[in-house]
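Below: one structure, written as structure tokens.
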Amino acid sequence: MLYRLPIAAACAVAFTVALPNAANHRFITETDLYKFTWIADPQISPDGSAVAFVRVVVNEKENRYETSLYTVPTSGSESPRRLTAGTRDVSPRWSPDGKKIAFIRTPASQPNGSASQSTDPAQSGGSDSARQQSSQVFLLQMDGGEARPLTDLSGGVTALAWSRDGKTIAFTATNGRDGQEGRERQEGRERPEGRERQEQEAPKSDVRVITRAVYRANGNPTYVDNERHSHIFTVRAPDDGADKPVPTQITDGDFDEQGIEWSPDGSKIYFTSVRVPEPYYDENDGELFSVGVSGGPLTKVASIEGGIGSISVSPDGKRIAFVGTERGRPIRSYSQPDLWVTEATPNSAPKNLTAKYDFDIAGGIGGDQAAPRGQNRKPIVWSSDGRKIAVVAAERGSSNLKIVDVATGRVNPLTDSTQDVIAYSATPQGNKFAATFSTQTNIGDIFFLDYSPTSQEPHRAQITHVNDDLFKDIRQSEPEEVWYRTFDGKQIQGWILKPPDFDPSKKYPLILEIHGGPHSAYGNVYTHEFQWIAAKGYVVLFTNPRGSTTYGQEFGNIIQYHYPGDDYKDLMAGVDEMLKKGYIDANRLGVTGGSGGGLLTNWTITQTQRFKAAVAQRDIADWYGFWFTADFTLFQPTWFHKAPWEDPQDFAARSPITHVANVTTPLMLVLGDQDYRTPPADGGEMMFRALKYRRIPTVMVRFPRETHELSRSGEPRHRVERLQHIVGWMDQWLMGKKNAMYPTQ
């Protein structure tokens, strides 16, 4: 049974991570990022006595992230200890008896600092080379010994799940269209020697024949491979180290399967899949399927008018809960995700449990310190009696665990704090949790939450303190939450971060930070960029204008066909509110943002001259060109009513480049060379060339090998250099600190 944590107690849990601001402590620096420790994917043991997790650190010398598995007792009696010797280990999963941990390992020889890695044999020297570099399933006995591999496939393993009897592990991995390798391996035979030699000797063309509209994906340095798909395999989990099990391929074909979950009796595996070659034409999304554990035909269990993900089977196996995002009619720019339940029978009719709860199920808050390479699950957790479901939800700039009544849909808080729940897991009974909480002054630590009905009061404890040694000597700023009224009466939430040594009698420069998305949210999660900028003497304002998530369906979707537009007005109302406080210098205003925030940064300086410096990151300048070159399609009328050539005036009116003649603000462009989400050619490159023509001070900072994820999981050195350039540009124009790298005219 699940129980609600009292609000006061829950708040205490979150605020224990805040560190004191001693006057003699130093301020945070940009290079402190090299010393950060991140926690990812906390997995509580079946008996609730321990938590396995992924520890992520920076290898500064090698300019890469390293991930290894650690464990910590939930009693808090010991510090975390290392479980695995690898530096590319992720996804720990306990066996049902708690005696083993299965996980995914990638060889350390594969590049780790780059934004992404390829498991395509064509890119890695043939099938043998690819197999050596691909992610594989490993098994670790908790009573001692080295981890050993259970798989040896050329396609990388992406996810795994234990059967409930602990005898078998299901996993997803990529293979070729015909599944030949999977079938040959499960039959215990290798490729014929002659054919293998012939494949090695035959020249392989590097010419790509593109037939689908989605042919690139941000984070993938190569083209999308439509001949290799993610399929379901199973492998025995032997107790004998000498036994070498052979994986069995369960699914095959031209589509991907993902999100695997076992039925309690082990007879079938549930998963989600989009079974349409080009889903962008007809708004096709993921549906829920099952397949027998021995393979065979697929059975469609459920679908909705939208997408399905994060599935969870009830303890009795009769129902399946999932996160579903209904599209709506007419089509929307933003659709809020809900919690659904359906019968575990073919073509069942799902029920939306949270239709009346107007916040984001499975949502979170945007920061720049989610664990790089670590992965973070936010599962749906059933109570042992199947009457309640625990799930995370995001409300007004925070995310917390909630309890949903399956019969009534009523939503009650399990935690209620100014925080972001980064990831969590629960015991099979659904009464003990391990959760990683982050706040605006703590990157993230694991908390143990015990809601046992035998306890007079819920037990709670912080069981890791991974960054305490670093932050004990750092003086950080505590944010100040603000609400203000915008031009049409709507209330907008924001936060003010002041310099750690703030003096209210002084005048400070202000930097407005604009989040991307546009359907995302700033809030109560750690953001190194904000703390670093505040430490350099700036007041930082970050807000959630209309279009942001965590404020309901209507607030999120209101910018449809009007982006950018009134959201810009919300941002300016926030700046006006700051000027009323008396400690902001109106002549030293700066603005920055990334992705959708980069677009709005460009838009802002075309609409007003009040800002004296701007930094647009991974931005959009021309909607017309972006429609053709982004890695996703805009074939449906979500942001625009029509295609560009059908209504060029609308695309032009909302494109910053159309209004570039109005710009007087010095502008820096921060771009990733491998950013396929907001391609530089339709963003920063256009703004740079136009402003150079107009002799407006501008500089373009290009980051090789970086994707759209530069600020969150780019190479460590690049992340630090990015921060240095942002502050360097602001210092030149708002602080009068000249920099030889940047022009002044």
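Scan the range 403-410 and give yes if some residue there is on the phi > 0 side of the Ramachandran plot and free of Cβ contacts under 8 Å to residues at least 60 places away in the same chain, otherwise no.
Yes: the range 403-410 contains one or more residues that are on the phi > 0 side of the Ramachandran plot and free of Cβ contacts under 8 Å to residues at least 60 places away in the same chain.
Just to be sure, is THR84 surrounded by 20 or more Cβ atoms within 10 Å (Cβ to Cβ), assigned to a loop (DSSP other than H, G, I, E, B), touching a strand residue (DSSP E or B) at 6+ places or on another chain (Cβ under 6 Å) and in contact (Cβ under 8 Å) with a residue 60 or more places away in the chain?
Working: surrounded by 20 or more Cβ atoms within 10 Å (Cβ to Cβ): yes; assigned to a loop (DSSP other than H, G, I, E, B): yes; touching a strand residue (DSSP E or B) at 6+ places or on another chain (Cβ under 6 Å): yes; in contact (Cβ under 8 Å) with a residue 60 or more places away in the chain: yes.
Considered against the rule, which asks whether it is surrounded by 20 or more Cβ atoms within 10 Å (Cβ to Cβ), assigned to a loop (DSSP other than H, G, I, E, B), touching a strand residue (DSSP E or B) at 6+ places or on another chain (Cβ under 6 Å) and in contact (Cβ under 8 Å) with a residue 60 or more places away in the chain, THR84 comes out as yes.
Tell me which residues, restricted to the range 413-428, are under 17 Å from ALA521 (Cβ atoms) and charged (D, E, K, R).
Correct list: ASP420 only.
Tell me, please, whether a residue that is touching a residue at least 60 places away in the same chain (Cβ under 8 Å), within 22 Å of SER438 (Cβ to Cβ) and surrounded by fewer than 18 Cβ atoms within 10 Å (Cβ to Cβ) can be found in the range 482-500.
Within the range 482-500, one or more residues are touching a residue at least 60 places away in the same chain (Cβ under 8 Å), within 22 Å of SER438 (Cβ to Cβ) and surrounded by fewer than 18 Cβ atoms within 10 Å (Cβ to Cβ).
Only one of VAL209, VAL235, VAL246 is at pLDDT 90 or above, farther than 30 Å from ILE304 by Cβ and buried (at least 16 other Cβ atoms within 10 Å of the Cβ). Can you tell me which?
VAL235
Taking the range 530-553 as the search range and keeping residues that are of a type in the set (S, T, N, Q) and touching a Phe, Trp or Tyr at 6+ places or on another chain (Cβ under 8 Å), which one is nearest to LEU510 (Cα to Cα)?
Among residues in the range 530-553 that are of a type in the set (S, T, N, Q) and touching a Phe, Trp or Tyr at 6+ places or on another chain (Cβ under 8 Å), the one nearest to LEU510 (Cα to Cα) is THR543.
With respect to the numbered conditions (1) crowded, with 20+ Cβ neighbours inside 10 Å; (2) of a type in the set (Lys, Arg); (3) without any contact (Cβ under 8 Å) to a residue 40 or more places away in the chain, which one is the sole condition not fulfilled by ARG722?
Just one mismatch for ARG722, condition (3).
Taking TRP623 as the residue in question, decide whether it is closer than 30 Å to ILE210 by Cβ, without any contact (Cβ under 8 Å) to a residue 40 or more places away in the chain and in contact with a Ser or Thr (Cβ under 8 Å, 6 or more places away or on another chain).
Criteria met by TRP623.
Considering only the range 689-701, I want to know if a residue exists there that is touching a helix residue (DSSP H, G or I) at 6+ places or on another chain (Cβ under 8 Å) and assigned to a helix (DSSP H, G or I).
So far as the range 689-701 goes, yes, one or more of its residues are touching a helix residue (DSSP H, G or I) at 6+ places or on another chain (Cβ under 8 Å) and assigned to a helix (DSSP H, G or I).
Given the residues SER290, SER310, which is the only one that is on the phi > 0 side of the Ramachandran plot and either among the β-branched types (Val, Ile, Thr) or assigned to a strand (DSSP E or B) (or both)?
On the way: SER290 fails: on the phi > 0 side of the Ramachandran plot.
After applying the criteria, what remains is SER310.
Quick grid of which residues meet (1) more than 27 Å from ASP473 (Cβ to Cβ); (2) in contact with a helix residue (DSSP H, G or I) (Cβ under 7 Å, 6 or more places away or on another chain):
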| position | (1), (2) |
| --- | --- |
| ARG26 | no, no |
| LEU33 | no, yes |
| ILE39 | no, no |
| PRO46 | yes, no |
| ALA50 | yes, no |
| ARG55 | no, no |
| VAL58 | no, yes |
| GLU66 | no, no |
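Tell me yes or no: at least one residue of the range 238-247 is of a type in the set (Lys, Arg), within 22 Å of ALA213 (Cβ to Cβ) and either without any contact (Cβ under 8 Å) to a residue 24 or more places away in the chain or not in a strand (DSSP E or B) (or both). Before you say what the answer is, go through the steps one by one.
We begin by selecting, within the range 238-247, every residue of a type in the set (Lys, Arg); these are 244.
When the remaining residues are screened for being within 22 Å of ALA213 (Cβ to Cβ), the result is none.
Within the range 238-247 (the criterion being of a type in the set (Lys, Arg), within 22 Å of ALA213 (Cβ to Cβ) and either without any contact (Cβ under 8 Å) to a residue 24 or more places away in the chain or not in a strand (DSSP E or B) (or both)), the answer is no, since none of the residues qualifies.
Looking only at residues in the range 70-81 that are touching a residue at least 40 places away in the same chain (Cβ under 8 Å) and not in a loop (DSSP other than H, G, I, E, B), which one is farthest from LEU140 (Cα to Cα)?
Per the stated criteria, the residue is PRO73.
Answer yes or no: is there a residue in the range 636-650 that is part of a loop (DSSP other than H, G, I, E, B) and in contact with a Gly (Cβ under 8 Å, 6 or more places away or on another chain). Before you say what the answer is, go through the steps one by one.
Going through the range 636-650, the residues part of a loop (DSSP other than H, G, I, E, B) turn out to be 636-647.
Narrowing further to those that are in contact with a Gly (Cβ under 8 Å, 6 or more places away or on another chain): none.
Checking the range 636-650: not a single residue is part of a loop (DSSP other than H, G, I, E, B) and in contact with a Gly (Cβ under 8 Å, 6 or more places away or on another chain).
Please go through the range 373-397 and pick out each residue that is crowded, with 24+ Cβ neighbours inside 10 Å and in a loop (DSSP other than H, G, I, E, B).
ILE380, GLY397 - these are the residues of the range 373-397 that are crowded, with 24+ Cβ neighbours inside 10 Å and in a loop (DSSP other than H, G, I, E, B).
Tell me, which helices (runs of 4 or more DSSP H) lie completely within the range 526-581 with 2 or more residues that are over 15 Å from VAL482 (Cα atoms) and touching a Ser or Thr at 6+ places or on another chain (Cβ under 6 Å)?
Ranges flagged: 553-557.
Run down TRP94, TRP38 and say which single residue is at pLDDT 95 or above, surrounded by 22 or more Cβ atoms within 10 Å (Cβ to Cβ), within 30 Å of GLN724 (Cβ to Cβ) and not small (Gly, Ala, Ser).
When all the criteria are applied, what remains is TRP38.
The values are calculated or read from the model by the stated rules, or taken from the named source; none is laboratory data. If you're wondering where the values come from, they're calculated on a predicted model, not measured in any experiment. Cβ coordinates were reconstructed from backbone atoms using ideal geometry, including for glycine residues, and neighbour counts include every protein chain displayed.
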